[in-house]
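**Student:** One structure follows; several queries about it will come next.
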Amino acid sequence: MKHKLVRKTVRDFSEAELGPIAHEIDRDARFPWQVIEKMRVLNYFGLQIPRKYGGAEVDSISYAITIEELSKVCASIGLCVTVHNSVGAQPIKSFGTEKQKECFLPPMASGERIGAFCLTEANAGSDASGVETNAVEVEDGYIINGTKIFVTNGGICGYALIFATMTTGAGKPFTNVFIVEKEMAGFSVGEIEDLCGMRANPVSSLFLEDCKVPFDNCLGQPGSGIKIALTALDSGRIGIAAQALGIAQGAFEAAIKYSKERQQFKKPISSFQTIQNYLADMATEIDAGRLLLYRACALKDENKPFGTEAAMAKLYCSSVANRTTNLAMQIHGGYGYSKEYDVERYFRDAKVTEIYEGTSEVQRLVISRAVLSQHT
Ligand SMILES: Cc1cc2nc3c(=O)[nH]c(=O)nc-3n(C[C@H](O)[C@H](O)[C@H](O)COP(=O)(O)OP(=O)(O)OC[C@H]3O[C@@H](n4cnc5c(N)ncnc54)[C@H](O)[C@@H]3O)c2cc1C
């Protein structure tokens, strides 16, 4: 009952507020601040943040439903909310000191400060240990130098979690995470990327040029950067799976509607068995993806290990999103290839769900490692 209510509330909001602008903000690559203001009031930015710090602290299934329903209408905004909540706020919630939580989480929960997670660099993608951004300890903090690329929410972030390599003396290099605030000297935002999909999200590079960060902004124990990244990505993958599922569901519903309206050979195309088979496959795969996703959410809420299950959900839901949007475009025929129809946007938005927060190849590595270690 609770989850049905969450779905209805977010669906009503998405259809009313994002539906009328989704096409235009994709076309113009515009971040819709007016709708974001309304989302701030409704606590979308505090979904996974504890109530103590102003968040909504919803359970993981409610969270997944929220991301799914937002993404069904506008995947770029689903992306903004999930990156902010999961890989943006979650590391502070899980690894921050009480002082850090009190300082950074309330402005994130209210959406005053939007979060970004900055691991990827020109030479460090799937291999997170290749980070070349470096931090040097000085008398009153750290000096960071480097460039991060493909940062979701990069153009609008208030806090950026920067992964940087450090060396002390002759010891081995290690990775730390720093909470960089947008006003800090030496921090700047690069050009907004001109992307295939997710165009309403201001994905950008971020530059750190002798950026001075106080000791209080270093997250976790020294050298815990990779652990923080991997932990955050486990949760993040629940959000990306939910996003992919929302895109698939949106394309599926558009395909059903169109197949009933479009007449060929004096019949609706939905009366042709081939089209019916396509719709049956789409419905089955979406349901299977949803079950995988909700299983990962349930495990997370029970405080049980859920990383492998989240990787399975992300791997499967992202591939369902790609197959479903492809079939939805096919069902629309030539019209589906036109920007006039939403399926064209769904098709472009779906692809990146197989790339970010770990490519599908990386998900298979995560899953196969678990499978192999369970069957020795
Ligand atoms: C729109 C968008 C938003 C993004 N947002 C963020 C963000 O907010 N923060 C962030 O840090 N990053 C972000 N990224 C970056 C994203 O996470 C990386 O693109 C992704 O991790 C892959 O890294 P890469 O592009 O360097 O590809 P590479 O790592 O160079 O991979 C290239 C190919 O090789 C394959 N490959 C690599 N290693 C292996 C292996 N061991 N076994 C098998 N195959 C392998 C990959 O799967 C892929 O097919 C974003 C990217 C995009 C496009």
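**Student:** Connecting C-alpha atoms closer than 10 Å in a GNM of the chain, tell me which of 148, 212, 172 has the biggest fluctuation.
**Tutor:** 172
**Student:** Between residue 3 and residue 34, with labels modelled 7 Å along Cα→Cβ, what's the label distance in nm to one decimal, could you check?
**Tutor:** 3.5
**Student:** Another question about this same structure. Under a Cβ-Cβ cut-off of 11 Å, what is the net charge of the residues other than residue 93 that fall near it, where Lys and Arg count +1 and Asp and Glu count -1?
**Tutor:** After counting each charged neighbour, the total is +1.
**Student:** Could I ask something else about it? Determine which residues of segment 190-214 fall in the zone a paramagnetic label at residue 182 would reach in this model, i.e. backbone nitrogen under 11 Å from the point 7 Å along Cα→Cβ.
**Tutor:** none
**Student:** Please give, to one decimal in nm, the separation of the simple spin-label points placed at residue 335 and residue 291, each 7 Å out from Cα toward the Cβ.
**Tutor:** 3.4
**Student:** Continuing with this model, one more query. Using Cβ counts within 10 Å as a stand-in for footprinting exposure, how do 47, 291, 70 rank, fewest first?
**Tutor:** Ordered from fewest to most neighbouring Cβ atoms within 10 Å, 47, 291, 70 come out as 291, 47, 70.
**Student:** Okay, moving on. Output needed: percent of Cα pairs per 10 Å distance bin for segment 104-146, bins running from 0 to the one holding the longest distance.
**Tutor:** So the P(r) values, bin by bin, are 24, 29, 39, 8.
**Student:** Between 220, 236, 169, find the one with the highest GNM mean-square fluctuation for the chain; connect C-alpha pairs within less than 10 Å.
**Tutor:** 169
**Student:** What whole-number distance in Å separates the alpha-carbon centres of segment 184-220 and segment 282-337?
**Tutor:** 30
**Student:** Right, here's the next one. Highest GNM mean-square fluctuation, the chain, Cα pairs closer than 10 Å: which of 238, 67, 256?
**Tutor:** 256
**Student:** Local charge sum around residue 53 (other residues, Cβ-Cβ under 10 Å, Lys/Arg +1, Asp/Glu -1)?
**Tutor:** Net charge around residue 53: +2.
**Student:** Okay, moving on. Which whole number in µm²/s is D for the chain by Stokes-Einstein, with the Kirkwood Rh taken over Cα pairs at 4 °C and 1.567 mPa s?
**Tutor:** 61
**Student:** What is the Å³ per residue value for the convex hull set by the Cα atoms of segment 1-135?
**Tutor:** Spelled out: Cα convex hull of segment 1-135, divided by residues, is 134 Å³.
**Student:** Another question, then. Scale the Cα Rg of segment 202-281 by the rule-of-thumb value 2.2 N^0.38 Å and send over the ratio, two decimals.
**Tutor:** With N residues counted in segment 202-281, Rg over 2.2 N^0.38 Å equals 2.06.
**Student:** Would you be so kind as to identify which of 355, 275, 249 lies farthest towards the positive end of the dipole of segment 227-374, taking Lys and Arg as +1 and Asp and Glu as -1 on Cβ and the Cα centre as origin?
**Tutor:** About the Cα centre, the residue reaching furthest to the positive side is 275.
**Student:** Under the definition of Cα pairs under 8 Å and six or more residues apart, what whole-number percent is the relative contact order of segment 22-149?
**Tutor:** It comes to 21 percent, rounded to a whole number.
**Student:** Can you grab the distance from the C-alpha centre of segment 9-66 to the C-alpha centre of segment 251-277, Å, no decimals?
**Tutor:** 32
**Student:** Follow-up question, since we're still on this one. Given that compact globular proteins tend to follow 2.2 N^0.38 Å, what is the ratio of the alpha-carbon Rg of segment 153-248 to that value?
**Tutor:** Segment 153-248 yields a ratio of 1.27.
**Student:** Along Cα→Cβ, 7 Å out, is where each label goes; now give me the distance between the ones at residue 27 and residue 221 in nm to one decimal.
**Tutor:** Output for this residue pair reads 5.5 nm.
**Student:** Given bins 5 angstrom wide, list per bin the percent of all Cα-Cα distances in segment 233-376, short to long.
**Tutor:** Per 5 Å bin, starting at zero, the Cα-Cα P(r) for segment 233-376 comes out as 2, 11, 19, 18, 16, 12, 9, 6, 4, 2, 1, 0, 0 percent.
**Student:** Kindly list the residues of segment 163-207 that lie in the label zone of residue 140, defined by a backbone N under 17 Å from the point 7 Å along the Cα-to-C-beta vector.
**Tutor:** It comes to 181, 184-186, nothing else.
**Student:** Report the local net charge at residue 156: Lys and Arg +1, Asp and Glu -1, summed over other residues whose C-beta lies under 13 Å from its C-beta.
**Tutor:** In short, +2.
**Student:** Relative to the present Cα-Cα distance, how much length would full extension add between residue 170 and residue 41 at 0.36 nm per residue of separation?
**Tutor:** That pair, residue 170 and residue 41, stretches by 41.4 nm at full extension.
**Student:** With r as the distance between the Cβ atoms of residue 260 and residue 98 and R0 = 56 Å, compute the FRET efficiency 1/(1 + (r/R0)^6) and round to 0.05.
**Tutor:** Efficiency, rounded to the nearest 0.05: 0.50.
**Student:** Evaluate E = 1/(1 + (r/R0)^6) for residue 302 and residue 355, where r is the Cβ-Cβ distance and R0 equals 25 Å; express this FRET efficiency to the nearest 0.05.
**Tutor:** 0.25
**Student:** A follow-up question, please. Quick one: 325, 147, 133, fewest Cβ neighbours within 10 Å first, how do they rank?
**Tutor:** 147, 133, 325
**Student:** Which entries in the list 257/339; 52/314; 8/304 go over 19 Å, if you measure between the two C-alpha atoms of each?
**Tutor:** With Cα atoms farther than 19 Å apart: 52/314; 8/304.
**Student:** Might you report the magnitude of the Cβ-based charge dipole of the chain about its Cα centre, with Lys and Arg at +1 and Asp and Glu at -1, to the nearest 20 debye?
**Tutor:** 1340
**Student:** Of 128, 265, 218, which is farthest on the positive side of the dipole of the chain, counting Cα position, with +1 on Lys and Arg Cβ, -1 on Asp and Glu Cβ, and the Cα centre as origin?
**Tutor:** Ranked along the dipole, the leading option is 265.
**Student:** Still on this model: Suppose the chain between residue 374 and residue 59 were pulled fully straight at 0.36 nm per residue; how much longer would it get relative to their current alpha carbon spacing?
**Tutor:** Result for the pair: 110.5 nm of gain on full extension.
Throughout, read-outs are computed from the coordinates displayed, never taken from laboratory work. No experiment lies behind these values; they were computed from the predicted model shown. Cβ: placed from backbone, ideal geometry, glycine included. Neighbour counts: every protein chain shown.
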